[in-house]
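K.L.:
Quick one: structure below, then a few questions.
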Amino acid sequence: MTNARFMRFVDASGYRPTDAANFLKHEPNVSASEQPVRWVSREDAAAFCSFEGKRLPRPFELQRAA
């Protein structure tokens with residue numbers, strides 16, 4: 001997910017993580033909008049995927065892909 005897509009999700013949903021210690025620590029900016037988002041937890045990624053109508057891969061799917 002890119003910074004731009006993740007920020008659209010945050011803005012549209014009002015999402016806030018349960019543990020915001022390092023959440024989006026790098027502060028995405030316009031010049032980094034197409035860079036991969038960093039400093040998100042698995043729960044943050046799962047919430048984003050759900051918002052997009054998708055899901056994270058399950059452990060056995062990751063093992064099979066590897």
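K.L.:
Leaving out ligands and nucleic acids, and using a 1.4 Å probe, what accessible area per residue does the chain come to in Å²?
P.N.:
On the way: 4970 Å² over 66 residues.
Value for the chain: 75 Å² per residue.
K.L.:
Compute the distance in nm between two label points, each set 7 Å from the Cα along the Cα-to-Cβ direction, one at Glu52 and one at Ala66.
P.N.:
Result for the modelled spin labels: 2.2 nm.
K.L.:
Sorted from largest down, what three extents in whole angstroms do the Cα atoms of the chain have along their principal axes?
P.N.:
Cα spread of the chain along its principal axes, largest to smallest: 36, 24, 24 Å.
K.L.:
Moving on. Quick one: pull the percent of accessible area on the chain belonging to carbon and sulfur, 1.4 Å probe, ligands and nucleic acids left out. Present the calculation step by step, with values, prior to reporting the outcome.
P.N.:
On the way: 2600 of 4970 Å².
Carbon and sulfur: 52 percent of the exposed surface of the chain.
K.L.:
Normalised by the number of residues in segment 6-66, what is the relative contact order in percent for Cα pairs under 8 Å and 6+ residues apart? Write out the running numbers ahead of the final one.
P.N.:
Details: 28 pairs, mean separation 16.9, N = 61.
Averaging sequence separation for qualifying contacts and normalising by length gives 28 percent for segment 6-66.
The values are calculated or read from the model by the stated rules, or taken from the named source; none is laboratory data. Computed from a predicted model, the values in this text were never measured in an experiment. Note: ideal-geometry Cβ built from the backbone for every residue, glycine included; neighbour counts use all protein chains shown. For the accessible areas, the whole protein counts, side chains as well, though only heavy atoms, and no ligand, DNA or RNA atoms are used. Shrake-Rupley method; radii C 1.70, N 1.55, O 1.52, S 1.80 Å.
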